[in-house]
Amino acid sequence: MAAPCGREIARQIAKALGISRHTVAKYANLTEVPRYQRRKPAEPLVLTPEFQLEIERRLAENETLPRKQRWTGRTIYEELVALGYQGSEPSVRRHIAKVRKAKSKQAAFLPLAHDPGDSIEFDWGEAVVYLDGVELTAQILCVRLRWSGMPVVIAYPNQRQEAMFDGIRRALELLGGVPRRMTSDNLKQAVKRILEGRNREEQDAFLSFRTHYLIDSNFCNPASGHEKGSVENLVGLAQRYIVGPRREAKTWEELNAILWQRCLEYARRIPQGSTQSILERWEQEQKFLRPLPARPFDCCKVALVTSSKTACVTFETCRYSVPVRYANQSLQVRAYWDRIDIYAGQEKIATHPRCYERNREIFDLDHYLELLQEKPRALDQAKPFRTAQLPAVYHRFRAEMQVRNRHDREFIQILMLHRSYPVSQVTAALEHALAQHTICYAAVRQWLEAQAGTGSPTPLTGPGELANIRVQQPPLSVYNRLLKGGVLH
């Protein structure tokens, strides 16, 4: 026992601390650190063991219920309230989390081994990128060879089926061959219906895709992402490292070229438990992959459509133009992730960038030029002309033509030159013609033909240069010789 504290010392400590000297004496004589003790018994818990059992029973019942009709934290809380529970909803949710955490700790997993060329795994993820200065959320398709661990990451604007097909096709081409099977979740782009056990009713297009590459499908059990843990880890790796913060590019193609280089850089690493880098193991695994088919799968969605009297076809609420001679005809749309191709029989008659907005109109001015030749007065009101992104020089040239009382039919002829020359060359020809004050179709065409023939155009003579030319006029008496049957020399 500690020695008693002297009365004078106790007074000094009490005065310094501002407490009673009796409190100082009490703590000076303690033999252990004091602990808090309740003065009265604790109130009974609101979430009693009976309510806890009700929670655990409903969580166990979830294993047999459809995924969309399982017990949630909210519905369990409402059931407990009906049984007399008077506590809060957060208390219920905390106990649910505790039960689920304890269950996850009990799970054990087998270490697996794979043969070279046996399988790939793929899954989707999201990452923020900057495309041409615009921030957007890209959907990244992550593909990984299971034996070597070689990754491929490809970005798309969405997760549509045609984007998934294009991504797997590109991945197989980059990896250099086809494995025997591919493992994935039960994605709606691939699975129409989950049947008993491991059986699945696959989407017709997905079945056609994997038949083209002679590759088997292997779908995970529902809510069992650990069955493809390699690609699950790749999704996180892609977000943190391969894409990373503030990834910038001008186009999707440029972005995907950057991502592939990042995959190659990552593959130089030696993974834990291995003596070889991922690149070295990939080189070995390529020998076990089957060769790619002679032609790639056509990764598109096909739809039969009928063009309107305004020479447009409708696909997913958007209208795309076709040449006017194909108005009011049955046509075929092949929708790729980045473009729309339109066919009349086996002939491709139009191509447009794919639009994912709703109720938009996408016109190609070239499709309407023949009709505008017949109706040139409709040029100002024509939507294809109004929406065409023509360089400013075109509008300046047309304004100069109107000043000289030249008709729009001649300006439409200039627009038709795009069928033979790129826009950049026609733009340069218009600039040259404006500089020389030769505001006509013939002058523009002459400059283009001269450039194509010699590589250096022949200068056109403008009115200013013609005024400087002096022609010597003969005396009129010379012509009198003709009246007398003379000959001019």
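The values are calculated or read from the model by the stated rules, or taken from the named source; none is laboratory data. Keep in mind that what you see is a predicted model, and the values were worked out from it rather than measured. Backbone-built Cβ (ideal geometry, glycine too); neighbour counts: all protein chains shown.
Screening GLY125 on (1) in contact (Cβ under 8 Å) with a residue 40 or more places away in the chain; (2) surrounded by 13 or more Cβ atoms within 10 Å (Cβ to Cβ); (3) out of contact with any helix residue (DSSP H, G or I) (no Cβ under 6 Å at 6 or more places or on another chain) shows it passes everything except condition (3). Scoring ASN158 on the criteria (1) closer than 24 Å to VAL302 by Cα; (2) not in a loop (DSSP other than H, G, I, E, B) leaves a single failure, condition (2). Every condition in (1) over 20 Å from ARG290 (Cβ atoms); (2) part of a helix (DSSP H, G or I); (3) not hydroxyl-bearing (Ser, Thr, Tyr) holds for LYS192 except the one numbered (2). In the stretch 214-225, the condition of being modelled with pLDDT of 90 or more, assigned to a helix (DSSP H, G or I) and in contact with a Leu (Cβ under 9 Å, 6 or more places away or on another chain) is met by no residue. Does the stretch 211-230 contain any residue that is without any contact (Cβ under 8 Å) to a residue 24 or more places away in the chain and either within 28 Å of SER277 (Cβ to Cβ) or of a type in the set (Asp, Glu) (or both)? Yes, the stretch 211-230 contains a residue that is without any contact (Cβ under 8 Å) to a residue 24 or more places away in the chain and either within 28 Å of SER277 (Cβ to Cβ) or of a type in the set (Asp, Glu) (or both).
If you check LEU372 against the conditions, is it within 30 Å of ARG319 (Cα to Cα) and outside any helix (DSSP H, G or I)? So that I can check it myself, show each step before the final result.
Numbers: within 30 Å of ARG319 (Cα to Cα): yes; outside any helix (DSSP H, G or I): no.
Taking the combined requirement at face value, the residue does not satisfy it.
Remark: pairs (first residue in the stretch 60-78, in the same structural domain as VAL92 (by TED's automatic domain parsing) and in a helix (DSSP H, G or I); second residue loosely packed, with under 14 Cβ neighbours inside 10 Å and not small (Gly, Ala, Ser); Cβ separation under 7 Å; 6+ apart in sequence or on different chains) = ARG67/PRO222. Scan the stretch 261-279 and tell me whether some residue there is within 29 Å of VAL128 (Cα to Cα), charged (D, E, K, R) and either assigned to a helix (DSSP H, G or I) or not assigned by TED's automatic domain parsing to the domain that holds PHE209 (or both). Yes. When VAL313, VAL302, VAL333 are screened for being surrounded by fewer than 19 Cβ atoms within 10 Å (Cβ to Cβ), in contact (Cβ under 8 Å) with a residue 24 or more places away in the chain and in contact with a Lys or Arg (Cβ under 9 Å, 6 or more places away or on another chain), only VAL302 passes.
One line per residue, one yes/no per condition, for (1) outside the structural domain of ALA190 (by TED's automatic domain parsing); (2) in contact (Cβ under 8 Å) with a residue 40 or more places away in the chain; (3) surrounded by 12 or more Cβ atoms within 10 Å (Cβ to Cβ); (4) more than 30 Å from ARG170 (Cα to Cα):
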{"residue": "ARG39", "(1), (2), (3), (4)": "yes, no, no, yes"}
{"residue": "ILE55", "(1), (2), (3), (4)": "yes, yes, yes, yes"}
{"residue": "GLY84", "(1), (2), (3), (4)": "yes, no, no, yes"}
{"residue": "ALA97", "(1), (2), (3), (4)": "yes, no, no, yes"}
{"residue": "ARG100", "(1), (2), (3), (4)": "yes, yes, no, yes"}
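Out of (1) in a loop (DSSP other than H, G, I, E, B); (2) over 13 Å from the mean Cα position of the chain (by Cα); (3) closer than 20 Å to GLY244 by Cα, what's the single condition that is false for ARG144? That leaves (1) as the condition not met. Collect the residues in the stretch 182-207 that are of a type outside the set (D, E, K, R) and in contact (Cβ under 8 Å) with a residue 40 or more places away in the chain, keeping them in residue-number order. Matches in the stretch 182-207: MET182, THR183, SER184, LEU187, GLN203, ALA205, PHE206.
For the stretch 162-189, taking the residues that are in a helix (DSSP H, G or I) and hydrophobic (A, V, I, L, M, F, W, C), the one that is farthest from ARG354 (Cα to Cα) is identified as LEU175. Of everything in the stretch 30-49, what is under 60 Å from the mean Cα position of the chain (by Cα), at pLDDT 75 or above and part of a loop (DSSP other than H, G, I, E, B)? Give them in sequence order. The answer is VAL46, LEU47, THR48. There is at least one residue in the stretch 99-115 that is more than 19 Å from ALA223 (Cα to Cα) and touching a Phe, Trp or Tyr at 6+ places or on another chain (Cβ under 8 Å).
Taking the condition loosely packed, with under 14 Cβ neighbours inside 10 Å and either in a loop (DSSP other than H, G, I, E, B) or in the same structural domain as SER424 (by TED's automatic domain parsing) (or both), does ARG386 pass? Considered against the rule, which asks whether it is loosely packed, with under 14 Cβ neighbours inside 10 Å and either in a loop (DSSP other than H, G, I, E, B) or in the same structural domain as SER424 (by TED's automatic domain parsing) (or both), ARG386 comes out as yes. Determine whether ALA429 is farther than 30 Å from LYS301 by Cα, free of Cβ contacts under 8 Å to residues at least 24 places away in the same chain, buried (at least 18 other Cβ atoms within 10 Å of the Cβ) and outside the structural domain of THR251 (by TED's automatic domain parsing). Criteria met by ALA429.
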